[in-house]
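Undergrad: Encoded as structure tokens, here's the structure I'll be asking about.
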Amino acid sequence: MATTTAGPAGLAELGELLATRPTLDTPPAQVAVWLDRKAAMLDAVAAHPGTTPAGAADARDCAARARSRAAALRAGRGVTR
């Protein structure tokens with residue numbers, strides 16, 4: 001998933017993200033990559049003109065948490081899911 005878009009293409013990207021959700025057996029490095037993709041999708045939601053200000057704030061907060069978890073995994077710190 002290289003970019004995030006609105007409309008049907010965005011829904012397809014969201015479906016792909018959900019279909020590839022890590023399991024408990026997924027190596028931390030792969031979980032970190034998935035969390036980066038999740039953060040990018042949430043950034044796109046926050047930036048979409050149809051997103052309410054409160055929804056955009058929530059999406060940005062969730063994106064920041066995903067990036068923080070990804071960084072912790074890359075640093076070798078265990079993070080609960």
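Undergrad: Condition check: closer than 19 Å to GLY15 by Cβ and out of contact with any Asp or Glu (no Cβ under 7 Å at 6 or more places or on another chain). Does ALA57 satisfy that?
TA: no
Undergrad: Looking at VAL45, VAL33, can you tell me which residue is in contact with a helix residue (DSSP H, G or I) (Cβ under 7 Å, 6 or more places away or on another chain), free of Cβ contacts under 8 Å to residues at least 60 places away in the same chain and surrounded by 12 or more Cβ atoms within 10 Å (Cβ to Cβ)?
TA: Answer to the selection: VAL45.
Any read-out appearing in this document is the output of simple, stated calculations on the displayed coordinates, not a laboratory observation. Being a predicted model, the structure only gives us computed values, none of them experimental. In this analysis, Cβ positions are derived from the backbone assuming ideal geometry, glycine residues included, and neighbour counts consider all displayed protein chains.
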